[in-house]
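What follows is a short report on a single structure.
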Amino acid sequence: MPNIYPFSLSDVDGLSATHPHDLGVLARAVAKAGHGHYLELGSFRGATAIVAHRTKEMLGLEGDIYCIDNFSFGSTAEELRSNLHKAEVEATIVEADTDPFPKSLSGILFSCTFIDAAHDTHSCAADWLNVKDRTSAIVVFHDVDKLHSGVLSTVREIERTDPEWKLICL
């Protein structure tokens with residue numbers, strides 16, 4: 001029997017930073033990564049964590065949601081928690097910088113990682129190095145464009161030095 005799956009981000013406060021197309025690409029990446037935990041570096045107000053959770057839920061994929069953010073970009077941990085609560089999403093929120101990688105998550109393997117924290121080259125490269133051996137299937141970089149040259153140069157360097165990785169760029 002077909003299902004109706006109502007889903008909207010309209011009740012979630014302040015979710016204007018991620019374009020709807022990007023959320024669709026992220027959902028496809030989470031689906032393709034399959035069972036396993038999802039990690040995001042830079043959660044802002046939670047749109048991507050909500051989409052990852054809903055994708056897993058809709059497809060019956062197992063795995064928890066983990067969010068790392070230092071909340072220096074204009075959002076707060078309270079806003080993130082509130083939005084996740086409104087969307088009925090359970091997630092582990094780690095209030096920390098993404099580098100060094102939080103020790104509390106060091107033993108966890110993720111099937112999909114979404115990188116959208118600091119956009120300078122040094123930070124993006126550090127994020128990549130911190131997650132590439134902790135991610136089994138897909139790493140997604142957000143904002144790979146000329147406006148975010150740090151992200152773009154990091155992805156180009158990864159393509160040159162880590163050719164076994166297929167990178168999905170939103």
Per residue, in Å², the accessible surface of the chain once ligands and nucleic acids are set aside, probe 1.4 Å: 53 Å²
Can you spot the aspartates and glutamates whose alpha carbon is less than 15 Å from K86's alpha carbon? Ignore those fewer than 8 places along the same chain. D11, D13, E78
Percent of all alpha-carbon pairs of the chain at distances over 29 Å, whole number, is 13 percent
Too long for a 25 Å Cα-Cα cut-off, among K56/K166; K32/K146; K146/K166; K103/K166, are K32/K146; K103/K166
Using just the helices of the chain, give the 222 nm mean residue ellipticity in deg cm²/dmol: DSSP H runs with n ≥ 4 each add -39,500 (n - 2.57), and the total is spread over all residues, rounded to 500. -11000 deg cm²/dmol
Expressed as a percent, the portion of alpha-carbon pairs in segment 103-150 spaced more than 14 Å apart is 51 percent
Report in % the part of the accessible area of segment 31-170 that belongs to carbon and sulfur, leaving out ligands and nucleic acids; probe 1.4 Å. 51 percent
Report the charge-dipole magnitude of the chain in Debye, nearest 20, computed about the Cα centre from +1 at each Lys and Arg Cβ and -1 at each Asp and Glu Cβ. 440 debye
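The values are calculated or read from the model by the stated rules, or taken from the named source; none is laboratory data. Small disclaimer: the values here were computed from a predicted structure and weren't measured. Heads up, the Cβs are rebuilt from the backbone with ideal geometry, glycines too, and the neighbour counts pull from every protein chain shown. For accessibility, only protein heavy atoms count, side chains too; no ligands or nucleic acids. Shrake-Rupley method; radii C 1.70, N 1.55, O 1.52, S 1.80 Å.
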